[in-house]
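**Q** Let me give you the structure first, and then I'll get to my questions.
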Amino acid sequence: MEKRELVIVGGGPAGLTAAIYGRRAGLDVLVLEKGMAGGQITITAEIENWPGIPMISGEELARAFREHAEKFSPEFREAEVKKVSIEEAGKKVVATDKGDIEAEAVIIATGASFRKLGCPGEAEFTGRGVSYCAVCDGAFFEDQVIAVVGGGNTAVEEADYLTRFASKVYIIHRRDSFRADRAVVEKAMANPKIEPVWNSVVERIKGTDMVEGIVLKNVKTGETSELPVAGVFVFVGMNPNCDFVKGLVETKDGGWIVTNEMLETSVEGIFAAGDVRDKFLRQVVTAAGDGATAAMAAYSYISEQLHLQKVLFEPERVVSLFYSSIDPEQIKLANEVEKKYAKKVLLIDGYKNKRMCEKLGIGDLPQVAVLNKGSLVKSKAINDAQAIEGLL
Ligand code: FAD
């Protein structure tokens, strides 16, 4: 099976930034992307919140990210990841439509996809008046009346953008105010072509060959009404793209991947970055930040694993002190042990390597342990350096 150090799944802002950081740290990096690298921003008209560049099209920014990542020569491969699994001895296997790859560490950076309305007519008229991308399809609605569904930043921003083409844009929202940022709402509400339709949901999308109208239901009164429109743009939220790790990593509320500060998932050696994870703000700048953090955490994990493999798991007999690097008393103990037994006792930060301690069966820190080729022979809790004497 093909063996790689770091496999990054997804080539959006998070994945591409992870590739830059991973390569700069000297890792062998493979980026797997099912479509064209760049991610969601490729279909975004304008980005005005990427620091340093007041205004840029999403397509241009995506291209710049790609070119920047290419400069560090990671390997890019067009492949769709179908499954990530943990095989014997903790090996991480990434299964793609182009074959399986064994990885030391994996970063999941597969972003999110548009949520559907789920009403009759939506699937039938997708591509024939129903769209999820204003940049891709807006120009088809020159001088026509259209509807945008949703009330967050994306819905309100895209409605504003669509007024470049459409003669009128209704924003259908199930509440009586938008969830979008104040500046975004103020700009849209000052646009004479935009008209909000409050407290309403789309019950049905109607038409013959193409969309001709929508049936709305007022959620307060229960009344239904019809609105003639030629197009419906749906921006009602996103779903994470992580079915391929379903049941493997811990997820939360709607399937978003749970991570800690180092962007580690619940599975050792698997990290998540960008929109796919459970987080407060899903934007390009936070996705890029995540990519950097995940790559450096993966680098530290890989280096540590290789080091530990050599010094802790391969030798016939090792005596090791597992201590916590955040406990001043235990740091003092580790310093004493180092002074007294020099190279006879291996010091391991059990706080940083919590999962490894659990796997080995090491209890509360500090513990001194004797290992034989990676198996725990014995261990005991200690409070002073002298207590190690009998184990040497
Ligand atoms: P994505 O950009 O979603 O990239 C994920 C990549 O993974 C994709 O290329 C996808 O093809 C790939 N992938 C998915 N599944 C697999 C698989 N199984 N195998 C292989 N590859 C896979 N943010 C801003 O900061 N400013 C804005 O103005 C802005 N406007 C937006 C407007 C719209 C219409 C949209 C949709 C988003 C907007 N965003 C904006 C949000 C921003 O685009 C995202 O936060 C950002 O792209 C997230 O990056 P990511 O790398 O986490 O994921």
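**Q** Only one of these is modelled with pLDDT of 90 or more and in contact with a Gly (Cβ under 7 Å, 6 or more places away or on another chain): LEU376, LEU347, LEU333, LEU371. Name it. Step through it out loud before you land on a result.
**A** Details: LEU347 fails: in contact with a Gly (Cβ under 7 Å, 6 or more places away or on another chain); LEU333 fails: in contact with a Gly (Cβ under 7 Å, 6 or more places away or on another chain); LEU371 fails: in contact with a Gly (Cβ under 7 Å, 6 or more places away or on another chain).
Only one candidate qualifies: LEU376.
**Q** Exactly one of these conditions fails for TYR351: (1) under 23 Å from VAL267 (Cβ atoms); (2) assigned to a strand (DSSP E or B); (3) not polar (S, T, N, Q). Give me its number.
**A** (2)
**Q** Something else now. When the residues of region 44-53 are narrowed to those that are near the ligand (Cβ under 6 Å from one of its atoms) and in contact with a helix residue (DSSP H, G or I) (Cβ under 6 Å, 6 or more places away or on another chain), which ends up modelled with the highest pLDDT?
**A** Initially, region 44-53 is screened for residues near the ligand (Cβ under 6 Å from one of its atoms), giving 44, 47, 49.
Those left that are additionally in contact with a helix residue (DSSP H, G or I) (Cβ under 6 Å, 6 or more places away or on another chain): 44, 47.
Values: THR44: 79, ILE47: 86.
Among those that are near the ligand (Cβ under 6 Å from one of its atoms) and in contact with a helix residue (DSSP H, G or I) (Cβ under 6 Å, 6 or more places away or on another chain), it is ILE47.
**Q** Return the only residue of ALA139, ALA89, ALA123 being of a type outside the set (Ser, Thr, Tyr), in a helix (DSSP H, G or I), surrounded by fewer than 24 Cβ atoms within 10 Å (Cβ to Cβ) and free of Cβ contacts under 8 Å to residues at least 12 places away in the same chain.
**A** ALA89
**Q** Quick check: anything in region 292-308 assigned to a loop (DSSP other than H, G, I, E, B) and either open to solvent by 10 Å² or more (accessible area, probe 1.4 Å) or within 8 Å of the ligand (Cβ to nearest atom) (or both)?
**A** no
**Q** With the checklist (1) outside any strand (DSSP E or B); (2) surrounded by 20 or more Cβ atoms within 10 Å (Cβ to Cβ); (3) touching a Lys or Arg at 6+ places or on another chain (Cβ under 7 Å) in hand, flag the one item VAL368 doesn't pass.
**A** Unmet condition: (1).
**Q** Please identify the pairs in which a residue from region 287-306 that is closer than 13 Å to GLY269 by Cβ and in contact (Cβ under 8 Å) with a residue 24 or more places away in the chain has its Cβ atom under 6 Å from the Cβ atom of a residue that is in a helix (DSSP H, G or I) and open to solvent by less than 20 Å² (accessible area, probe 1.4 Å), counting only partners at least 6 apart or on another chain.
**A** Listed pairs, sorted by first residue: ALA294/ALA18.
**Q** Are there any pairs with C-beta distances below 6 angstrom linking a residue in region 155-170 that is small (Gly, Ala, Ser) to a residue that is part of a loop (DSSP other than H, G, I, E, B), with the two at least 6 apart or on different chains, and if so which?
**A** Listed pairs, sorted by first residue: ALA155/PHE235; ALA166/GLN144; SER167/ASP143.
**Q** So, in region 112-144, how many residues would count as being within 15 Å of the ligand (Cβ to nearest atom) and among the small types (Gly, Ala, Ser)? Give the derivation first.
**A** Going residue by residue through region 112-144, those that are within 15 Å of the ligand (Cβ to nearest atom) are 112-116, 131-138.
Filter again for among the small types (Gly, Ala, Ser), leaving 112-113, 131, 134, 138.
The qualifying residues number 5.
Rundown of residues vs (1) within 10 Å of the ligand (Cβ to nearest atom); (2) more than 17 Å from GLY274 (Cα to Cα); (3) not in a loop (DSSP other than H, G, I, E, B), yes/no style:
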residue: LEU27; (1), (2), (3): no, yes, no
residue: LEU30; (1), (2), (3): no, yes, yes
residue: GLN40; (1), (2), (3): yes, no, yes
residue: LEU61; (1), (2), (3): yes, no, yes
residue: ALA64; (1), (2), (3): no, yes, yes
residue: HIS68; (1), (2), (3): no, yes, yes
residue: PHE76; (1), (2), (3): no, yes, yes
residue: VAL84; (1), (2), (3): yes, yes, yes
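**Q** If you check ASP243 against the conditions, is it open to solvent by 70 Å² or more (accessible area, probe 1.4 Å), within 16 Å of the ligand (Cβ to nearest atom), under 23 Å from ILE86 (Cα atoms) and modelled with pLDDT of 95 or more? Even if it seems obvious, please write down each step before you answer.
**A** Numbers: open to solvent by 70 Å² or more (accessible area, probe 1.4 Å): yes; within 16 Å of the ligand (Cβ to nearest atom): yes; under 23 Å from ILE86 (Cα atoms): yes; modelled with pLDDT of 95 or more: yes.
Spelling it out, ASP243 is indeed open to solvent by 70 Å² or more (accessible area, probe 1.4 Å), within 16 Å of the ligand (Cβ to nearest atom), under 23 Å from ILE86 (Cα atoms) and modelled with pLDDT of 95 or more.
**Q** So, in region 31-71, exactly how many residues are farther than 30 Å from GLU104 by Cα, open to solvent by less than 40 Å² (accessible area, probe 1.4 Å), without any contact (Cβ under 8 Å) to a residue 40 or more places away in the chain and aliphatic (A, V, I, L, M)?
**A** Result for region 31-71: 1.
**Q** Could you check region 265-279 and list, in sequence order, the residues that are under 12 Å from the mean Cα position of the chain (by Cα) and more than 11 Å from the ligand (Cβ to nearest atom)?
**A** Residues of region 265-279 that are under 12 Å from the mean Cα position of the chain (by Cα), as a first pass: 265, 270-279.
Result: THR265, ILE270, PHE271, ASP278.
**Q** Do the conditions hold for MET1, that is, is it surrounded by fewer than 15 Cβ atoms within 10 Å (Cβ to Cβ) and within 14 Å of the ligand (Cβ to nearest atom)?
**A** On the way: surrounded by fewer than 15 Cβ atoms within 10 Å (Cβ to Cβ): yes; within 14 Å of the ligand (Cβ to nearest atom): no.
Taking the combined requirement at face value, the residue does not satisfy it.
**Q** Among the residues of region 94-111, write down those that are open to solvent by 10 Å² or more (accessible area, probe 1.4 Å), within 10 Å of the ligand (Cβ to nearest atom) and in a strand (DSSP E or B).
**A** The one that is open to solvent by 10 Å² or more (accessible area, probe 1.4 Å), within 10 Å of the ligand (Cβ to nearest atom) and in a strand (DSSP E or B): THR96.
The values are calculated or read from the model by the stated rules, or taken from the named source; none is laboratory data. Since this is a predicted model, take the numbers as computed values, not measurements. Here Cβ is always computed from backbone atoms with ideal geometry, including for glycine, and neighbour counts include all displayed protein chains. Quick note on the areas: whole protein, heavy atoms, side chains included, nothing else; ligands and nucleic acids left out. Shrake-Rupley method; radii C 1.70, N 1.55, O 1.52, S 1.80 Å.
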